[in-house]
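Participant: Here it is, the structure, as structure tokens.
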Amino acid sequence: MNKEKLNLHRRKFTQKLIAAGSGLLASGFTSCAQATEEPVKTKRAFRFAHFGDTHVGGGSTMPLCASPEGLPKAIKHVQAIKDTPEFILHTGDIITDAFWATEEISKSQWEIYRGIMQEHCNLPVHYTLGNHDVNFDWGYGGEGALFPGKALAMEQLGMISPYYSFDHGGWHFIVLDDTQPGGWVGFQIYLDDAQFAWLEKDLQETDPITPILIASHAPILSAACFFEPLGKKHPDGLVIDNSCVHQDIVKIHDLFRKHRNVKLCLSGHYHQIDHIQYLGVHHICGGAVCANYWKAPLPYRPEFEAGYGVVDLFSDGSFEYRFNDYGLVGYMDNPDRKHYPWGKI
Ligand SMILES: [Fe+2]
Ligand SMILES: [Fe+2]
């Protein structure tokens, strides 16, 4: 490549990075070392949509504002894409909050969510459990449990296990359940021993030439965690709280090193958007459909707009991820909006 062409190529690459900063166009095709050469793309295997943090339903001990309009708007936006995604992968925090809520309020939130999905969504949805979908009364519904932790969420979503895997279009999907008891806020993020053993087995049993995508609610690896209010306020300085990212990140990444077909990890939880590549594994935290809890005036990274990811997966294990802003801007300024009032159903 001559010098003039190389400069042109560099300018184009810089423009791409600027675009990525404003709307996140992440790609598994390029790396730093390859940035000056256009890679040859293989045929796309399929497309799906990534939903993070819908927080639908309102009414909770948390002063959150629900939106019976926002989620339908996002779903319609996905379904209007000309090359429609084949399914939605939801990475959790589906309802406003069950964690500190009563069973009655939690059920009301699920009812609202399910009603919206039945009315508006024509696509299959694969679910990941988030911390706000489960109750702090941990366990899976043992005898005498008043409100058995994850059981209600699983029942509402028709899940037979809080973690599972499936195959689609030549890719293998692994969905993790990373909200665990403990920690100073009532939960912490890691895989318990049984789930980690299951993950090891599932990876082992997957053909090494099959690319793997891993979904978790909280990121396995994240840049967003440095901007988490909990960490910023700690008296000892910057601390990554154990309710933020995977406490077992080293253990998980060591496992990934044995399975180089793990290509992409998708998550939510932070309501922020970031993309990290570490030792060949791409980690994308895909923002939130509800943005800042439907624009609630909470000190929670209001810079990030409401949106969802459009993910194109390719048969060679590469991918493209585009963050789609579905146009919620101005929602809270609309006097005609019919949202549920603060703290009430
Ligand atoms: Fe969330
Ligand atoms: Fe969360």
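The values are calculated or read from the model by the stated rules, or taken from the named source; none is laboratory data. Note that the structure is predicted; figures quoted are calculated from it, not measured. Cβ atoms come from the backbone with ideal geometry, glycine included; neighbour counts cover every protein chain shown.
Participant: Tell me, please, whether a residue that is in contact (Cβ under 8 Å) with a residue 60 or more places away in the chain, more than 16 Å from ligand 1 (Cβ to nearest atom) and crowded, with 18+ Cβ neighbours inside 10 Å can be found in the stretch 188-205.
Facilitator: Scanning the stretch 188-205 turns up at least one residue that is in contact (Cβ under 8 Å) with a residue 60 or more places away in the chain, more than 16 Å from ligand 1 (Cβ to nearest atom) and crowded, with 18+ Cβ neighbours inside 10 Å.
Participant: Let me ask something else about it. Does ILE116 satisfy being closer than 17 Å to CYS290 by Cβ, within 16 Å of ligand 1 (Cβ to nearest atom), at pLDDT below 95 and of a type outside the set (S, T, N, Q)?
Facilitator: So ILE116 does not fit the description; no.
Participant: Here is a follow-up. Please verify whether TRP100 is within 16 Å of ligand 2 (Cβ to nearest atom), in a loop (DSSP other than H, G, I, E, B) and either at pLDDT 90 or above or over 22 Å from GLU69 (Cβ atoms) (or both), treating the condition exactly as stated.
Facilitator: yes
Participant: Next up: Which of (1) away from ligand 2 (no atom under 15 Å from the Cβ); (2) within 15 Å of HIS283 (Cα to Cα); (3) modelled with pLDDT of 95 or more is the odd one out, the single condition HIS217 does not satisfy?
Facilitator: (1)
Participant: Between a residue in the stretch 128-151 that is buried (at least 20 other Cβ atoms within 10 Å of the Cβ) and any residue that is polar (S, T, N, Q) and modelled with pLDDT under 65, which pairs come within a Cβ distance under 6 Å, given they are 6 or more apart or on different chains?
Facilitator: If the second residue must be polar (S, T, N, Q) and modelled with pLDDT under 65, no pairs are left.
Participant: Among the residues of the stretch 80-97, what is the count of those that are touching a helix residue (DSSP H, G or I) at 6+ places or on another chain (Cβ under 8 Å) and at pLDDT 95 or above?
Facilitator: 6
Participant: Among the listed residues LEU152, LEU203, identify the single one that is under 16 Å from VAL262 (Cβ atoms), more than 16 Å from ligand 2 (Cβ to nearest atom) and in a helix (DSSP H, G or I).
Facilitator: LEU203 is the lone residue from the list that is under 16 Å from VAL262 (Cβ atoms), more than 16 Å from ligand 2 (Cβ to nearest atom) and in a helix (DSSP H, G or I).
Participant: Going through the stretch 307-330 one residue at a time, which ones are over 17 Å from the mean Cα position of the chain (by Cα) and surrounded by fewer than 22 Cβ atoms within 10 Å (Cβ to Cβ)?
Facilitator: Once the filter is applied, which keeps residues that are over 17 Å from the mean Cα position of the chain (by Cα) and surrounded by fewer than 22 Cβ atoms within 10 Å (Cβ to Cβ), the stretch 307-330 yields PHE314, SER315, ASP316, SER318, GLY327, LEU328, VAL329, GLY330.
Participant: For the stretch 102-116, does any single residue satisfy the condition of being crowded, with 24+ Cβ neighbours inside 10 Å, on the phi < 0 side of the Ramachandran plot and aliphatic (A, V, I, L, M)?
Facilitator: no
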